[in-house]
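Throughout, read-outs are computed from the coordinates displayed, never taken from laboratory work. What you see is a predicted model, and the numbers here were worked out from it, not measured in a lab. Counting neighbours? That spans all protein chains shown, and the Cβs are built from the backbone with ideal geometry, glycine included.
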Amino acid sequence: MTLPLSLNALAAPPSPHRLDPVEVAAPSDDGAAPVTTTSDRLGLEPRERPATVDVIRRQDIEQQGLRNLIELYRSAPGVSAGNIPGSPASVSMRGFNDVGYLFDGIRAVDPSMVSRNLDTWNLQRVEILKGPASVIHGSGALAGTINLVPRQPDLGGDHYDGMISYGSNDTLRLGIGTNQVVSPRVAVRTDLSHSESNGYVDGTDSRVDALTSSILIQASDRLLLSAAIDLYSDSYRTPYQGAPLLPATLARDPSSVVSGPDGLVLDESIRDNNYNVDNGSMAADSQWLRTRADYQLSQRWRLINELGLYNANRDWANSEDYTYNETSGLLDRSTTRINHHHRFASERVYASYDGDLGDHRHRFSAGMDYQYTDFDTRRRFGNTGSVDPFNPDRGQLPANNAANYDTRVNYDSTVATRALFLEDAFNLTARWLLITGARYEFMDLDRGIDDLDSGSRTEFGRTFEDVSWRVGTVFDLTNRSQLFAQYNRAAAPISGLLLGNIGNADFDLSKGRSVEAGIRSQLWEDRITLTTSAFRIDQDDILTRDVNDPTLTVQGGSQRSRGIEATLAVALTPRWWVNFNGTLVDAEYTRLVNGSGDDLSGNRPSNVAEKTYNLSSAYTLASLPLTLGGAVRHTGDFYTDSTNRYRVRGRTLLDTWLSYPLAGGTLTLRGRNLTDKFYADWSGYSATQVYVGEPRTVELGWTGHF
């Protein structure tokens, strides 16, 4: 949120050692790069951050036509994303699948639980902090943290936004928004979005709706108040869960998209087939309530209080896994019925200082976090009738009873998290900044498991403690170039806190550490923005099997990733821009044994690509004026599970668009995957089942701002 000028002046007193502010990202309709709490709570300028933070702004979203979170995540350097049955919009980053999730700065325990593939209309920006963030946001998220920031009210004046688009597969998107200045000190923002589609696989209709609303009150020159309530709903009829691998001898149109040692392939002839039951469904409704009070205690001190409340109901009733049976020649199918009732409350209060220590600028922040999570779930697992892979008679989901579901359990879990944290930024010299931070966290877990088949109930609890810390530095080579480096020590639960079983109750938190160093520069009269970094992340004490008895699960496994990232934005002329980002990552398990006693050390984690890049450019013909744009998006090969038996070939996709000013907005004709490439973009639960990517699509849309 951008503070009014009068409050900014109080929060940032002049100092002879203050670095001149420099914008390090392409300009956007958000104005200057926002000071956020995703990477720190010290109010650091983007050029002062000792880590990589990618910000996808409203202008980026509209320019690239990023309709949902999966498309948005994939536009960022080194980020891969896709759907799995229980966690839409899952993310892999820097060689790890452990990614944190924030909503307007509010953290969720077990982020995969709250992840949904939301429409992007209601978002003002998305911030992606690379590397561990335990010091700032709590245990977990070794790969990075994603913060979704809804559109915010401002006191600058009334304005309105609108969007409509229609395209392939009867895909319709609508969006409206308004910012109303009620008085010189009060502004209200409301945005509504609706999207629906028939899907590119048979019988996969979907609908996604969102209403976000917030109020900003400058109660006085010292006190800034805000509150927001957001409502989200999505519903998928017989959602797509992927395509099974088939024997090459059976496939009607075998492809080389997936390769393995046993002759299984991805058959292009079944790319449109849906093997879910006819009455399958996936739906979720959630509500977020947030308040924030920012009080200027004095010229140097501020006090901030942030409260968040969350409530969600989620339901799944599907056949999710399909495995080819060589004996019958059919696909054997599992069935799943799951529902969640998920609630949490989050309270954070902290004080920040911006002043001097001796003759040097000194910024300091300290505070406490409390979050209470209450989670109930009913889980039923069974099987249903097998189907022909080429002409599936999908049938109905079996009735919910003991005869059809051989695993029936109910979980109830609570997690209370308490934390103390502090951060410090000290200017050693006018050009050299030192950043440090530490966090103590205490988690109290209680869980009950009702096994309906045995009629038994198991109750257990566990507490976890951890101290995370980081040290980073930024050095100004020039007023337009900075060197930065950071070391993190972090921790993460070895499995989901909300769903772990009693067998995992005795395991400690796994330990992680990360180092990153890089340089960011603005060149050629600020027409070039370049950021490059190298990183390494290690995680110890992950779950593995005892080498002498593979039936025993123990801690002692480890994994590592190393890589480099680069982001380049160039304004070649006032009408021609080029953007590039790319990542090379070497990720592997350095110690891992599976249940068969196989040594998986040296294998790559699932859904982790070694190489990704995005190249986009647009040129505006001033005489028309017509904008011609295009994007090339590459994701390298990846494996479907930790055994690395099945390798999914990388893909390179081509998108193009034409934009023309019309009726106070922009009319855009956009084509995606223009070559109609057949590819797999993600792996689900089963190693022999992958998600086929979307074929060629076109859409016509209009977006306006008034």
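In terms of the Cα gyration tensor, with a ≥ b ≥ c the square roots of its eigenvalues, is the range 473-535 rounded because a/c is under 1.5, prolate because a/b exceeds b/c, or oblate? It is prolate, given that a/c is not under 1.5 and a/b is the larger ratio. Taking the Cα centre of the range 5-705 as origin and assigning +1 to Lys and Arg Cβ atoms and -1 to Asp and Glu Cβ atoms, the resulting dipole is close to 1460 debye. Apply 1/(1 + (r/R0)^6) to the Cβ-Cβ distance of THR551 and GLU268, taking R0 = 41 Å, and write down the FRET efficiency to the nearest 0.05. Approximately 0.50, to the nearest 0.05.
In order along the range 535-550, phi translates into HN-Hα couplings of 9, 8, 10, 10, 10, 10, 6, 6, 6, 9, 10, 5, 5, 8, 8, x Hz, rounded to whole numbers, per the Karplus curve 6.51 cos²θ - 1.76 cosθ + 1.60 with θ = phi - 60° and x for Gly and Pro. Exposure proxy shown here: for LEU621, LEU592, LEU420, the number of other Cβ atoms within 10 Å sets the order, fewest to most, as LEU621, LEU420, LEU592. Counting only residues at least eight positions apart within a chain, or on another chain, the aspartates and glutamates with an alpha carbon under 16 Å from that of LYS611 are GLU565, ASP586, GLU588, ASP637, ASP681. A viscosity of 1.306 mPa s and a temperature of 10 °C, combined with the Kirkwood radius over Cα pairs in Stokes-Einstein, give a translational diffusion coefficient for the range 564-664 of 96 µm²/s.
Packing here is the average count of other Cβ atoms within 10 Å per residue, and on that basis the peptides 86-94, 424-432, highest first, run 86-94, 424-432.
What separates the Cα centres of the range 143-210 and the range 469-519 is a distance of 33 Å. Quick one: if the Förster radius is 51 Å, what FRET efficiency do TYR685 and TYR160 give, using the C-beta to C-beta distance and rounding to 0.05? Result of the calculation: an efficiency of 0.70. How much of the DSSP bridge set in the range 376-476 is antiparallel, in percent, rounded to the nearest 5? Within the range 376-476, antiparallel bridges account for around 100 percent of the total. Mean residue ellipticity, 222 nm, helices only, the chain: the sum of -39500 (n - 2.57) across DSSP H runs of n ≥ 4, divided by residue count and rounded to 500, is -1000 deg cm²/dmol. The fewest-to-most ranking of ASP388, ASP393 by surrounding Cβ atoms within 10 Å reads ASP393, ASP388.
Here the gap between ASP446 and GLN59, fully extended at 0.36 nm per residue and compared with their Cα-Cα distance, gives a gain of 134.9 nm.
Sorting ILE176, ILE502 by the number of Cβ atoms found within 10 Å of their own Cβ, with the fewest placed first, yields ILE502, ILE176.
The range 304-329 and the range 635-671 have Cα centres lying 24 Å from one another. Taking a straight line from the alpha carbon of LYS511, these lysines sit under 23 Å away, with near neighbours fewer than eight places off in the same chain left out: LYS130.
Taking every alpha-carbon pair within the range 5-705, the share separated by more than 46 Å comes to 17 percent.
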